[in-house]
1. Would you calculate the separation in nanometres between label points at Asp126 and Asp201, each defined as 7 Å from the Cα along the Cα-to-beta-carbon direction?
2. Rounded to the nearest 10 Å², what accessible area does Cys242 show when all protein chains are kept and the probe is 1.4 Å?
3. If R0 is 35 Å, what FRET efficiency do you get for Arg272 and Ser37 from their C-beta distance, rounded to 0.05?
4. What does the accessible area per residue of the chain come to in Å², with a 1.4 Å probe and no ligands, DNA or RNA counted?
5. Once you mark the chymotrypsin sites (Phe, Trp or Tyr not before Pro) that are in a DSSP loop and have at most 16 other Cβ atoms within 10 Å, what is the longest gap between them in the chain?
6. How big is the chain along each principal axis, measuring the range of its Cα positions in Å and listing the largest first?
7. Could you calculate the contour length gain from Ile253 to His115, that is, 0.36 nm times the residue separation minus the distance between their Cα atoms, to one decimal place in nm?
8. Angle between the Cα long axis of helix 79-93 and the longest principal axis of the chain, 0 to 90 degrees, nearest 10?
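The values are calculated or read from the model by the stated rules, or taken from the named source; none is laboratory data. It should be emphasised that the depicted structure is a prediction, and the values quoted were computed from it without experimental measurement. Cβ placement follows ideal geometry from the backbone for every residue including glycine, while neighbour counts extend to all protein chains displayed. Note: accessible area is taken over every heavy atom of the protein model, side chains too, but ligands, DNA and RNA are not part of it. Shrake-Rupley method; radii C 1.70, N 1.55, O 1.52, S 1.80 Å.
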Amino acid sequence: MTGNNIFVIGASGYVGNAVCENLNAAGKTVTGLARSSESAAMIRAKGYGAIEADAGDPEAIAELADRFDATIISAALPFEDEADFLRALLDRYSGSGRAMIFTSGTAVLSIETPHGEWREENFGEDDPFTAPAWMQVRVDTEDMFRSYADRDVRAMVIRPPLIWGRGASYQIPAIFDSIEKTGSACYRGLGLNLYSNVHVDDLADIYRLALEKGQAGALYHAVAGEANFRSLAEAAAQAMGCEARSVDTAEAIEIWGERFAPLFFGVSSRSRAPRTRAELGWEPRYLDVIGDICYGSYKNRYSSKGE
């Protein structure tokens, strides 16, 4: 078990907002780190506490985190800066038995699929894998973070896959962006590649459950289903009344840029969550990403943009 006073770094973000709502509903006292007065006002407007501070000063953030029973990090940081930032916080929690959760991602499991081909590889939390070269720094950070279990920190890592719901996230909005840019819902190559997926509210459940009964040093995946990128694009096309079509690597880069074309749509990242389900008793409630694109939050969001 953990205390009720929780510090959330990334509280105003897509995942952090859902986590704060979940913890608040469970009776936790939530305080978010705000990088600006505007962000602080937004966090307070939702009924949470807010502390405005410079996220670029790890020691100062660590001092703030030391006031709380547990800390959740859901903010997006440059991969090369994560380890130093996290180490400062972990050192403050050493010897305390308090919980700290770091948000990584299943991009560390990804396998390049330049032609959008399907891959059979699928990884549970404890399965061996070889990270792509550009993700090794993230794996090293995960390992460092989890090693603090040996220093009496309930250090836990959560690896979300493709996150969906509330009309937001990353890959699915990027497909809708392709409609705005090209008139078509685009996918790369065959479009049979995929990230496993989870609804953001089901993901938020995992953070709460990890605080309540997660094990020190644990790694938890968050998987509720799978849908390949072609299926996601076809659903977006149905929602917006346009066609779905394949694009090659060059056009994918034109649409999504040199970083996100390969990271979002040029890999297979299939995962499972046996430890999360068994150890935390997690059961996802939202399973139909296609329905949410065609008829739900994404349809509502993107159809209204044209009105």
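1. It is 3.3 nm.
2. Roll a 1.4 Å probe over it and Cys242 shows about 40 Å².
3. That pair, Arg272 with Ser37, gives E of 0.25.
4. 41
5. Details: sites that count: Trp118, Phe129, Tyr170.
After excluding every exposed loop site, the longest remaining stretch is 171-307.
6. Per principal axis, max minus min of the Cα coordinates gives 56, 44, 35 Å.
7. Computed gain between Ile253 and His115 is 48.3 nm.
8. 30
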